[in-house]
Amino acid sequence: MPVDKTLKLKGTDLIHGDSAFAASEVAPSISVSTTFRALNPLEQASTGLTDVDFRNPTRHGYSRYTQQVSTRAEHILSRINIITKVPPQALVFYRPKRIAIRGGYHGCHATIAVYQKSQDVKVDLIDLDADYRPGDLCWLETPLNPTGESRDIQYYADKIHKVGGNLLVDSTFGPPPLQYPFRFGADCVLHSGTKYFGGHSDLLAGVLVVKTREDWNTLHTDRTYLGSMMGSLESWLLLRSLRTLHLRVPRQSASATVIAQWLNSIAKTQVGETYDGVPGGIISKVWHSSLQGKDDRGFDPAKQMQGGWNATFAVLFSKPDYALKFPHVTKYFVPATSLGGVESLVEHRIQSDPSADPRLIRLSIGVEDVDDLKADIKQALQVVATTKAKL
């Protein structure tokens, strides 16, 4: 099943893309059964599970293979360029000799370490801009966690494909409709379904995106025997959330862009001056794809993020004490890790990633009114400024 590169995120697909499995119910129900009654061969011809089309099952045998709500969720995901939903199994799938990676989410680096331990193999890590060899996997995260900066997918796709390697793109910060990595040469796309696909801070899920039915079949087998399929409740929550993906993400993107550019103006304000009532010198830097512009190779993030800018980004305070204080004097921003939910979150990044700069704050913008969020940030910055002598 080749990927349709012209595909757009449509609310109709998100709401009705699983209609073939909906029967008479409007809202999907949850089946908590892990196993299902087998067909009686005396009454109906059957070869067991070997005759089941796992992409389009007419019956279920064992939830390790299929079950109603996970199948429905997969069909919705398929309509937005996603063919299967599984945790990050790309390393098992590709079995790379080396991995080109730089920075990004610390959990991805931990996943690589676990893979090396479990397989008893030594996989060398190289920089993204190192020379590639056959057998390499380029692991490209864009936009980048936690800063929200974009990287050039097409450039790294061309580079890795020249040696016969593969490009995996972690697009968690750039969900549909913001970014479609297959349009720029990605071989596989990874999402944390916990974030924007889930959107309500109440489920854990991982997603791998593949381009062909053959790859889907391989990943489905891997998922079955690695035990990494989603449970009924998580699938049901994911299916519920996908119905509003086209409403939530553009709203979050638009608000985040306004806030990031406003904060950037504050960051440029000198000590002793104010911008919009906020003293200069509190914030040193703001990262966001909309603030990048073209790089030395001519990469323009706007051409890659065709549906809008990322809704999660980072702010660097001028002092660690400011960053420590800020999350706990906000009103609407919840001080918590994770991102992508309908509620705005603020995280002192070092609390979850010990390698982070202690001055760094990550903001995940929700669906609240943008003026209310700006006002909340403004009052929090004013509190930080007036209490700095006590910190």
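The values are calculated or read from the model by the stated rules, or taken from the named source; none is laboratory data. Here the structure is a predicted model, which means the values were calculated and not measured. We place every Cβ from the backbone using ideal geometry, glycine too, and count neighbours over all the protein chains shown. These area figures cover heavy atoms from the full protein model, side chains too; ligands, DNA and RNA do not enter into them. Shrake-Rupley method; radii C 1.70, N 1.55, O 1.52, S 1.80 Å.
Summing +1 for each Lys or Arg and -1 for each Asp or Glu, what net charge is found among the other residues whose Cβ lies under 14 Å from the Cβ of Asp152?
Value of the local net charge: 0.
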Q) Top to bottom by accessible area (1.4 Å), largest first, where do Arg240, Arg95, Arg297, Arg248 land? A) Arg95, Arg297, Arg240, Arg248
Q. Pairs of lysine in region 299-391 with Cα under 27 Å and at least 8 positions apart or on different chains: total?
A. 17
(Q) Using helices alone, I'd like the mean residue ellipticity at 222 nm for the chain: each DSSP H run of four-plus residues gives -39500 (n - 2.57), total over residue count, nearest 500. (A) -9500 deg cm²/dmol
Q: About the Cα centre of region 109-190, how large is the charge dipole given +1 on each Lys and Arg Cβ and -1 on each Asp and Glu Cβ? Please answer in debye to the nearest 20.
A: 180
Q.
Quick check: at a probe of 1.4 Å, how many percent of the accessible area of region 100-228 sits on carbon and sulfur atoms?
A. 51
Q) Once both labels are modelled 7 Å past Cα along the beta-carbon direction, what's the Ser19-Lys303 spacing in nm? A) 3.8
**Q.** Modelled FRET efficiency - R0 35 Å, Asp53 with Val92, Cβ distances, 0.05 increments
**A.** 0.90
Q | Straight-distance crosslink candidates among aspartates and glutamates, where the alpha carbon sits under 19 Å from Lys268 and sequence neighbours closer than 8 are dropped | A | Glu149, Asp276
**Q.** Estimated inter-spin distance, Gln154 and Ser352, nm [label 7 Å along Cα→Cβ]
**A.** 3.3
Q) Of the heavy-atom accessible surface of region 284-391 (probe 1.4 angstrom), what whole percent is carbon and sulfur? A) 51
Q. In nm, to one decimal, how far is the modelled label at Val258 from the one at Ala110, with both set 7 Å along Cα→Cβ?
A. 3.5
Q: Quick one: give the max-minus-min coordinate of the C-alpha atoms of region 275-388 along each principal axis, largest first, in Å.
A: 44, 32, 29
Q | GNM top mover of Lys285, Lys303, Lys117 - the chain, alpha-carbon springs below 10 Å | A | Lys117
Q. What are the residues whose amide H is under 5 Å from the amide H of Gly206, where those residues sit 5 or more places off or on another chain and H is modelled from the backbone?
A. Gly193
Q | Normalised alpha carbon radius of gyration of the chain [divisor 2.2 N^0.38 Å] | A | 1.06
Q: Determine the percent antiparallel among the DSSP beta bridges restricted to the chain, to the nearest 5.
A: 55
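Keeping all protein chains in place, calculate the accessible area per residue for the chain (probe 1.4 angstrom), answer in Å².
44
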Q: Using only protein heavy atoms and a 1.4 Å probe, report how much of Trp287 is accessible, in Å² to the nearest 10.
A: 40
Q: Report Asp53's accessible area, 1.4 Å probe, all protein chains in place, as a number in Å² to the nearest 10.
A: 60
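Under the classification rounded if a/c is under 1.5, otherwise prolate if a/b is larger than b/c and oblate if not, where does region 343-391 fall, given a ≥ b ≥ c as square roots of the Cα gyration tensor eigenvalues?
Here region 343-391 falls in the oblate category.
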Q) Among the aspartates and glutamates, which have Cα under 13 Å from the Cα of Lys162 when same-chain residues fewer than 8 positions away are ignored? A) Asp131, Asp136
(Q) If I take R0 = 22 Å and measure r between the Cβ atoms of Tyr332 and Tyr275 in this structure, what FRET efficiency does the formula 1/(1 + (r/R0)^6) give, to the nearest 0.05? (A) 0.60
(Q) Apply the a/c threshold of 1.5 to the C-alpha gyration tensor of region 84-223 and tell me whether it is rounded, prolate or oblate. (A) rounded
(Q) Need the full-extension length gain, Gln382 to Lys319, defined as separation in residues times 0.36 nm minus the C-alpha distance. One decimal, nm. (A) 21.2 nm
